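In what follows, a structure is listed as structure tokens, so that the remarks can point back to it.
The values are calculated or read from the model by the stated rules, or taken from the named source; none is laboratory data. Model, not experiment: these values are computed from the prediction. Cβ sites come from the backbone with ideal geometry, for glycine too, and all protein chains shown count toward neighbours. The accessibility values were calculated without ligands, DNA or RNA, using every heavy atom of the protein model including side chains. Shrake-Rupley method; radii C 1.70, N 1.55, O 1.52, S 1.80 Å.
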Amino acid sequence: MFIIASSNGVIGIDDAIQTLKSGGSALDAVEIGIRAVEAHPADHTVGYNGYPDILGELELDASIMDGRTLKSGAVALLRGFPYAISVARQVMERALPHVLLAGAGAGRFAREIGAEAWQEMLTAEVREIWRERLMASYPTADLAKLTEDGPLLDMVRLATDPERVAGTVNFIARDRQGTIASGVSTSGWAWKYPGRIGDSPIIGAGNYADNRYGACACTGMGEMAIRAGTARSLTLYLQLGMPLAAAGRQAMCDLRDLGGDFIGGMNLIAMDAAGGHIGFTSRRGSRYIYQHVDMADYQMLEREVVDIPERWAGAPRPVRQVIP
Ligand code: ASP
């Protein structure tokens, strides 16, 4: 029984470990760990008080997956509900014929199931950071007009990973029954174009779990994980018989091989069915959390680095044969 998480998961790791210790499932541990991060106002990349989109609206993405059944649930562009991971879990558990609900429909579902709603999802401090950031680059912008129907295409160049790929939270847990669950929650990129959905709620991109082989969850430039199908790819590499470290390296190389203009930092954490775990990053110094239920405290472990040069032409893309 153990958990791995992105480093900002420290806020929730105790609750998550206690959940496993007291007989809770891997899904419970993932949900409880992530909820603590979602409620934490100092984390501007997840849940309440995340950095908003270019219009100052906070829209949350989250997903959860059960490695025993491969059932999954996800929400995207959720407004007004801090615990996106719990709403995602209910999408999975209410036995809807759906996996992913977005925007107004996700909000409607959250209301219908009585999910906790908060009137105010941003502090005055974060609203001011958003306003200053916009005004610094576009001093004459009329914020009221922008919200109506103003041109945003140029402004979206401001969109940025607010904490340079340290944002978004990943939790992967393995419980007493050997079930693996994985979860991801994010407020997405700061100042993103309204309606932009990242990898976090996309099963197979930012999140994937399968008890038989392992699990993977990502942070970083979500568009890349969508294009490379990263979390599912890594799990499939395990299924094909690759050792965990090789599967992770291969998934990172797939991301690097995308090349082109819209290339940024990427991180992932992964575990295999034998209980191995590992983290990868394209930026030195990024770490991940590991805690077994028998340990008194968590460990912060270094991630292995695979460089992904920014704006790398990347062509011609090499053929990478994974099965000899
Ligand atoms: N992957 C997240 C997204 O693209 C952002 C992040 O990890 O910082 O929405």
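What to note about this one:
- Within straight-line reach of Lys71, meaning a Cα separation under 25 Å, sit the following lysines at least 8 residues removed in sequence or on another chain: Lys21.
- Rounded percent of accessible protein surface that carbon and sulfur make up, the chain, 1.4 Å probe: 51
- Expressed to the nearest 5 percent, the antiparallel share of DSSP beta bridges inside the range 53-117 is 65 percent.
- Restricting attention to the range 14-159, close to 65% of DSSP beta bridges with both partner residues there are antiparallel.
- Using C-alpha pairs under 8 Å with a sequence gap of at least 6, the mean separation divided by the residue count of the chain gives a relative contact order of 20 percent.
- Only lysines eight or more places from Lys145 in sequence, or on another chain, were considered; those with a Cα closer than 30 Å are Lys192.
- Vicinal HN-Hα couplings computed from phi for the range 259-270 (Karplus, 6.51 cos²θ - 1.76 cosθ + 1.60; Hz; Gly/Pro x): x, x, 6, 9, 10, x, x, 9, 9, 8, 10, 8
- Taking a point 7 Å from the Cα of Arg227 along the Cα-to-Cβ direction, the residues of the range 242-269 with backbone N closer than 16 Å to it are 251-267.
- For the range 184-228 versus the range 58-121, the gap between their alpha-carbon centres in whole angstrom: 15
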